[in-house]
Amino acid sequence: MLAGLALAVLAGAPRPAAADLPSEKVEFMMYGRMGIAWAPSGQVVAGKYLNLGDRKAIGGRLEEGDYLQPGLRYHLKKAASESDTSVDLVTDFEIFSLNGAIVSDLANGDISDIKIMPLQAYVQAKNVLTEGLSLWIGSNLYRKSDIHICDYFYFNSLPGQGVGLLYKGLDAAVLTQTGSSGFFATDLNAGLPAPATPAIVQRQRTMFIAQYSIPFGAGTTYVQGLGEVHLVPKSRNDDRSAPIHVNPPDHGAVAGVKLHLDLGDGNFSDASVRYGNRIANGAESGGSTYNTFGEPGLDGTYRGAYGLEVVEHFLWNVDKLVSINGYGTLHFSRGSTSYAPVDPEPADALAPGAVPNNRFDYSFGARPTFYVSDQFHLITEATFQTRKDEDRATGTAVKLSVAPTVVPTGERSAWARPEMRLIYTLALYNQAAVDQRMSPYLQTIGTSKVAHFLGARTEWWF
């Protein structure tokens with residue numbers, strides 16, 4: 001399907017453009033994973049994470065579903081030297097299934113479930129105006145820190161559309177975001193006589209981002225600071241005015257610091273802490289700061305809201321015998337301190353899946369990879385995680401995985417790809433996690449303290 005789309009684009013292009021595609025001008029990039037999965041009761045479980053939460057950031061990712069991310073980097077101008085100007089056009093798409101089933105329409109049977117979405121498209125110019133300065137404009141996967149075994153981009157995960165620059169240790173950007181939530185799209189007709197035309201006002205969040213890295217010590221060791229300011233203005237409407245609490249302006253700020261230690265031989269340790277307030281309080285189970293958490297207060301703003309994220313991520317290679325990739329995460333999020341439900345109910349009466357006004361979760365885990373031979377690796381993984389919503393009982397889960405893996409390239413590395421895995425995962429939940437259906441898996445399968453996942457999957461990148 002992707003090849004057909006590419007051929008159609010080339011066929012419809014002007015003849016000079018279609019002919020001028022020399023191989024040295026184009027780089028093809030791709031991340032992907034495909035496979036199959038089973039559950040004892042027969043429901044579709046591919047992509048139904050066993051982790052406690054709608055997000056997957058507080059646990060492993062071995063039960064994830066199919067996903068394809070093809071991309072192109074077109075060199076509009078290639079640099080002749082390190083100080084020369086280069087200009088690139090970068091585009092990426094993502095292909096996935098809405099129902100968590102199999103991406104292939106041959107196996108899925110309903111192509112309407114399969115989505116192809118633009119992910120990023122931007123132009124970047126390096127060594128422009130002055131040596132060392134890079135500029136970019138467009139839609140950018142603006143993120144750099146991740147725990148791969150959790151598929152968790154943390155600290156500075158801000159995919160968005162905007163403009164940015166990089167100069168020596170400085171990385172700065174202005175990003176924009178629109179949304180369909182009540183805070184960003186307001187019906188100014190609420191409670192008023194119906195006008196001749198609708199008066200829906202969609203507002204835009206503007207984010208000012210600045211990061212600065214200071215190298216020190218051996219290797220790539222550095223300390224990095226992060227600052228963000230988020231602004232949402234009050235919308236104007238000449239004909240109708242919303243009540244003060246319906247369409248208020250709001251703002252938020254973020255501060256963070258990250259320490260990266262290069263320990264040599266591929267070993268490293270990353271430790272970070274990030275705090276955001278008001279509309280920049282996104283931190284729930286690893287959310288970006290613009291994923292505003294919780295409910296607004298009586299005045300319609302997120303006064304008093306905040307979010308905290310703490311992460312430790314490390315890799316330890318023991319000769320060429322085993323690699324241990326481990327992590328610990330902690331998140332606390334709360335909405336406005338003046339939020340008051342219209343019909344307050346006891347905390348235990350919250351419906352499963354309801355968004356609370358505060359949430360706490362933490363997890364820790366490790367993935368040891370044993371190099372049995374060059375082409376056969378044994379992946380194991382253990383995770384403990386806990387989550388607490390409001391004053392409800394605390395849910396916990398223990399996940400244990402084993403995945404015999406074939407690595408055709410013969411590379412003894414935690415980053416060797418492609419990998420071809422046979423996966424078995426056992427999850428053990430406490431009663432609170434079961435009662436509250438805390439994981440997508442429990443929401444699919446039903447009440448059970450024990451979960452089983454069996455699958456086969458390949459993952460690649462280049």
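We did not get these values from a lab; they are worked out from the coordinates using the rules stated. What you are looking at is a predicted structure, and each value in this text was computed from that prediction instead of being measured. Ideal geometry is used to build each Cβ from the backbone, glycine not excepted, and the neighbour counts take in all protein chains shown.
How about Lys48: which lysines have a C-alpha closer than 24 Å to its C-alpha, ignoring those fewer than 8 places off in the same chain?
By straight Cα distance, Lys48 reaches Lys56, Lys115, Lys388, Lys399, Lys449.
With r defined as the distance between the Cβ atoms of Ala218 and Leu298 and R0 fixed at 51 Å, what FRET efficiency is calculated, to the nearest 0.05?
Values: r = 54 Å, r/R0 = 1.06.
Efficiency computed from Cβ-Cβ geometry: 0.40.
Add +1 for every Lys or Arg and -1 for every Asp or Glu among the other residues with Cβ under 15 Å from the Cβ of Lys320, and state the total. Spell out each step's value before the answer.
Working: positive: Arg412; negative: Asp265, Asp319, Asp374, Glu411.
Around Lys320, the charge tally is -3.
Could you rank the peptides 370-380, 449-459 by their average count of other C-beta atoms within 10 Å per residue, with the highest value first?
Packing proxy ranking, top to bottom: 449-459, 370-380.
Taking amide hydrogens as modeled 1.01 Å from N in the peptide plane, which residues meet the under 5 Å criterion relative to Ser145, leaving out close sequence neighbours?
Amide H neighbours of Ser145: Tyr154, Asn156.
If R0 is 22 Å, what FRET efficiency do you get for Leu76 and Glu24 from their C-beta distance, rounded to 0.05?
Working: r = 13 Å, r/R0 = 0.57.
With R0 = 22 Å, the Cβ-Cβ based efficiency is 0.95.
Quick one: length gained pulling Ser448 to Phe384 fully straight, 0.36 nm per residue minus the C-alpha distance?
Details: separation 64, 0.36 × 64 = 23.04 nm, distance 1.76 nm.
Gain on stretching Ser448 to Phe384: 21.3 nm.
For segment 249-400, what log10 I(q)/I(0) values come out of the Debye formula at q = 0.09, 0.12, 0.14, 0.16 1/Å, with one point per alpha carbon and no solvent?
For the requested q values the scattering log ratios are -0.40, -0.64, -0.79, -0.92.
Please list, by residue number, every one of the GluC sites (Glu not before Pro) in segment 27-88 that is coil in DSSP and has at most 10 other beta-carbon atoms within 10 Å.
On the way: sites: Glu27, Glu63, Glu64, Glu82; in loops: Glu63, Glu64, Glu82.
Those satisfying the criteria are Glu82.
Which lysines, if any, have their Cα less than 28 Å from the Cα of Lys126, not counting same-chain residues under 8 positions apart?
The reachable lysines, counting only those whose Cα sits under 28 Å from Lys126, are Lys25, Lys77, Lys78, Lys144, Lys168, Lys258.
Enter the Cα centre distance for the pair segment 362-406 and segment 250-276, rounded to the nearest angstrom.
About 22 Å separates the Cα centre of segment 362-406 from the one of segment 250-276.
What does the highest-first list of 321-331, 276-286 look like by mean Cβ count within 10 Å?
On the way: 321-331: 20.0, 276-286: 25.5.
Averaged packing, sorted descending, gives the order 276-286, 321-331.
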